[in-house]
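Since the structure comes first, as C-alpha cells, the remarks are kept for the end.
The values are calculated or read from the model by the stated rules, or taken from the named source; none is laboratory data. Note that the coordinates shown come from a computational prediction; the quantities given were computed from them, not determined experimentally. Don't worry about glycine lacking a Cβ; one is built from the backbone with ideal geometry, like all the others, and counts go over all protein chains shown. Note: areas computed on protein heavy atoms with side chains; ligands, DNA, RNA excluded. Shrake-Rupley method; radii C 1.70, N 1.55, O 1.52, S 1.80 Å.
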Amino acid sequence: MEKLKVLVMVPYLNGTGGTETVIKNLNSAYMQSDQKSRYELKLISFGGSKKIKWLEDWDKTVYSFSNSRFLQMIMYVIAMPMLCLKTILTEKPDAVVCTNPVIWEVVYFLRTLTKKNFKIYAWYHYSIKQKRVSSSALKRCDHFFAISTGIAKQLTEIGVDEYRITVLTNPVILDKSVKLIPRSNKSGCGDVTTHFLYVGRIDFDAQKNVQELFKALVFVQGEWKLDLFGTYSNRDKEALVAIAKRHGFTERIVFRGFNSDVWNNIRTADALVLTSNYEGFPMILCEAISHGIFAVSSDCETGPADIIQEDNGRLYTPGNTLQLAEILTSICHNRLPIPSGQTISNTMNKFGQENFIHVFEDCIINAR
C-alpha cells in the first residue's frame, strides 16, 4: 500500500517557544511510532526560524524570509501563496496540518483552485478567545486539533461542530533518563532557602503577566529566592525590578536570561510558578513536572487545568495575588503536602508521546 503524505505547515517561529517544542516532539513521536510505515511526515516552514535546533531532525523544506516583522508580512502576502502552491503541486499531500489561520486559509483556496483532494487540519496553539480566529478561517479547515479541553469548549461555543474537533494535548517526552531536580531543603546541600522558578518569556503584564508573581511575592512569608529564565525587554525588566525595589526584595531575584538547556542548569527547585493571563497548553508546566518540580499556575481559561492536579501542583484564581502568596508561603514553611519528585513526574504519563501519536494517527490516517 502506498504511503500517505502528511505535511505540517508552520509560519516563522523564533525557535524558543512552546510551539517549537511541540513541533519537535511531534517528529520524535513519529520516529518511534509503529505506524510510521503507513505515512510520511514532512515539515514546511514559511519564514524559517531565528534558532534552528528544534528543526534539526525533521524531513523539511524551509523557506527563510527575514527576521524583520515588516519584511515577513510582505513575504507572506507576496511569496507564501506561491510557495504554498508549489508545495501542494510537488508534494501531492493527503493531509495538510496548519498551525496558522492565514496558512490554512491559503491552503483551502489553493485546494479549491487545483481541485486536489486532501484534508486540512487546523492545529492552533493559542486560546481562541485571546488570539481570535476569523469566522471565515473557521470554515476553511476540515478538522481541528484542540490542544486543551478548554480550547475544544471555546470552539463549540462559537459554533464548530463537535465531530470536527479532536482534543490533542501536546506531547511530553517521557525519558527514563530525565533528571529529577531535588528540592532545596531536601538536597543535602545545606540550602534551606525555598527556591522558586519562572521559565518562559518574561512579560510584565502581557500574556505571561509576571508582575502578578512579583506582587504576590510582596506577601510571601519565609526565606525564598526566585530565578527567572527567559527572554525579556529592558522595559519589562525595569518595571519588575521597580516592584522588587519598592518592597525590598531585589536581592532575592535573579534574571538568568534565555538558556537552551535550562533544566540541566538548575540545581534545586521547590516550585515553578506560571502567572499567565492566557495559554493554549503550557508546555513549560509539563516540562517542569516531568523533572519532578511542583507547579503553581494561574487557572487561566485553557491549559493549566488539564495539566495540574493535587499530586503535581496547585492552581490559583487569576488576579488573586493573596491566594498565590498563601500557596507560596505554604511551600516555604512545608505546610503543603508535596509528593516525591518521582510521583510528580509520573503524572505526565498521560501526555506521553505514545498516547499523543496514537490520537494524531487515528485522526489523520485511520479516519481517512
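Would a scan of segment 211-231 turn up a residue that is part of a loop (DSSP other than H, G, I, E, B) and without any contact (Cβ under 8 Å) to a residue 40 or more places away in the chain? Yes.
If only residues of segment 105-130 that are touching a residue at least 40 places away in the same chain (Cβ under 8 Å) and either open to solvent by 40 Å² or more (accessible area, probe 1.4 Å) or in a helix (DSSP H, G or I) (or both) are counted, the one that is nearest to E2 (Cα to Cα) is K119.
Could you count how many residues in segment 244-254 are in contact with a Phe, Trp or Tyr (Cβ under 7 Å, 6 or more places away or on another chain) and open to solvent by less than 70 Å² (accessible area, probe 1.4 Å)?
So in segment 244-254, the residues in contact with a Phe, Trp or Tyr (Cβ under 7 Å, 6 or more places away or on another chain) come out as 244, 252.
Imposing the further condition that a residue be open to solvent by less than 70 Å² (accessible area, probe 1.4 Å) reduces the set to 244.
Final tally of qualifying residues: 1.
Looking at I308, I289, just one residue is farther than 19 Å from I202 by Cβ and crowded, with 24+ Cβ neighbours inside 10 Å, and that residue is I289.
When the residues of segment 28-73 are filtered to those that are open to solvent by 60 Å² or more (accessible area, probe 1.4 Å) and of a type in the set (A, V, I, L, M), the one that is modelled with the highest pLDDT is M31. Of all the residues in segment 224-243, those that are farther than 19 Å from N259 by Cβ, open to solvent by 40 Å² or more (accessible area, probe 1.4 Å) and touching a strand residue (DSSP E or B) at 6+ places or on another chain (Cβ under 8 Å) number 0. Consider L315 carefully, then state whether it is aliphatic (A, V, I, L, M), touching an Asp or Glu at 6+ places or on another chain (Cβ under 6 Å) and not in a loop (DSSP other than H, G, I, E, B). Here the answer is yes, as L315 does meet what is asked. The combined condition, being on the phi < 0 side of the Ramachandran plot and in contact (Cβ under 8 Å) with a residue 24 or more places away in the chain, is not fulfilled by T90.
Cβ-Cβ contacts under 7 Å between residues 6 or more apart (or on different chains), taken from a first residue in segment 247-271 that is assigned to a loop (DSSP other than H, G, I, E, B) to a second residue that is aliphatic (A, V, I, L, M) and surrounded by 12 or more Cβ atoms within 10 Å (Cβ to Cβ), are listed as F249/L217; I266/I181; I266/L197; T268/I181; A269/I181; A269/L197; A269/I293; D270/I331. Here K51 qualifies as in a loop (DSSP other than H, G, I, E, B) and among the charged types (D, E, K, R). N277 meets each of the listed conditions (1) surrounded by fewer than 24 Cβ atoms within 10 Å (Cβ to Cβ); (2) not in a loop (DSSP other than H, G, I, E, B) apart from (2).
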